Amino acid sequence: MKMKTREEILKEKTYRERCIMGYRIEDMEREYGEAISYKRWDKKRECYVNKEGEPVVHPSEIVFDEVLAVIPLSGEYYSNAEKDKTYKKRLDKIIRDAMTSSLSKRDEERMKKNVECMVDELKKVAEEVKEKEEKVEEKVVVDEEVVKEAVTKEQQVDEEEMKKKEEEEEKNESLEDAGDVGDEANIEEE
C-alpha cells in the first residue's frame, strides 16, 4: 500500500474537516480565555491549562496544517468510531496534542539549550580538574626532587658516618694490634 505524503493528505481534506478544525480552534480559544481569567498557570509546563489540567495555547500558536492532517475523513472517522468505542477519546487526545505541538517544540528547544549549557559547564569543570591535576603533578615532581635531594644528603651523611666508623675501627684495630704487640713483648720478658 502506498503511503500518502502530507500534501496529498491535506488536499484530500474536505470542507467538513476544515470546519471541524475551525470548531476545535474556537474551543481552544475559549478554554485559553477561561484559563487566563481563572489564572490557571502551570509552573512546571509553563503554560495555561484548562479545568481538566490539559495545556491550552493561544490560537495564533496553533499550526493549522498539523491539526488538519490528523483529523480523519468522515468515512474513516465513522467506521473507526463504530469499531472502537475509545476511538473518539483517543482522537480528541491526538487532535489536542497536535494543537499544542508548539509547546512541545518549545520544550524541546529549552531542553537542547539546557543540554548545551550543561555540556559547557562540564567542559569548564573538566578544564578546572585538568588544571588541578597539572598543579598536583608539578607539586609531585617538585616533592620527588626534594625527596631525592634529601635522600642524597642522607646518603652523604650515612657515607660520612660509615667512613668515620671505618676510620675509628681501623684506629682501634691498629691500637689493639699495637697493644697486642706490647702484651706479647711483656709476656716474653717475663
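Since every read-out is calculated from the coordinates, none of them should be taken as a lab result. Only a predicted model underlies this, so the values are computations on that prediction, with no experimental measurement involved. Backbone-built Cβ (ideal geometry, glycine too); neighbour counts: all protein chains shown.
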Task: For the chain: span of alpha carbons on each principal axis (Å, largest first) - done: 149, 48, 30
- [ ] Kindly express, to the nearest 10 degrees and within the range 0 to 90, the angle between helix 101-189's C-alpha long axis and the longest C-alpha principal axis of the chain.
- [x] 10
TODO: Report the full-extension gain for the segment Ser37 to Val141: residue separation times 0.36 nm, less the Cα-Cα distance, to one decimal in nm.
DONE: 30.5 nm
Task: Under the Karplus curve 6.51 cos²θ - 1.76 cosθ + 1.60, θ = phi - 60°, whole-Hz ³J(HN,Hα) for segment 65-76, x wherever Gly or Pro sits - done: 5, 5, 6, 4, 5, 8, 6, x, 5, 4, x, 5
TODO: Go ahead and run the numbers for FRET between Lys4 and Lys83, Cβ-Cβ distance against an R0 of 35 Å, rounding to 0.05.
DONE: 0.95
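Phe64: net charge of surrounding residues, Cβ under 12 Å, Lys/Arg +1, Asp/Glu -1, itself excluded?
Numbers: positive: Lys13, Arg18, Arg24; negative: Glu17, Glu61, Asp65, Glu66.
Result for the local shell: -1.
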Task: Formal net charge of residues neighbouring Asp143 (Cβ-Cβ distance under 14 Å; K, R +1; D, E -1) - done: -2
- [ ] Please report the Cα spread of segment 48-96 along all three principal axes, rounded to whole Å, starting with the longest.
- [x] 35, 25, 10
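From the helices alone, meaning DSSP H stretches of at least four residues, give me the mean residue ellipticity at 222 nm for the chain, per-run term -39500 (n - 2.57), in deg cm²/dmol to the nearest 500.
-28000 deg cm²/dmol
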Task: Gyration tensor over alpha-carbon atoms, segment 6-99, equivalent ellipsoid semi-axes in Å - done: 26, 16, 11
TODO: Using a 10 angstrom cutoff on alpha carbons, build the Gaussian network for the chain and name the most mobile of Ala81, Ala35, Ala98.
DONE: Ala81
- [ ] Read phi for every residue in segment 17-25 and hand back ³J(HN,Hα) as whole Hz from Karplus 6.51 cos²θ - 1.76 cosθ + 1.60, θ = phi - 60°, with x for Gly and Pro.
- [x] 5, 5, 5, 4, 4, x, 5, 5, 5
- [ ] Could you list which residues have their amide H under 5 Å from that of Tyr48, counting only those 5 or more apart in sequence or on another chain, with H placed in the peptide plane?
- [x] Asp42, Val56
Open item on the list: Could you compute the net charge surrounding Glu131? Neighbours are other residues with a C-beta less than 15 Å from the C-beta of Glu131; K and R count +1, D and E count -1.
Closed with: 0
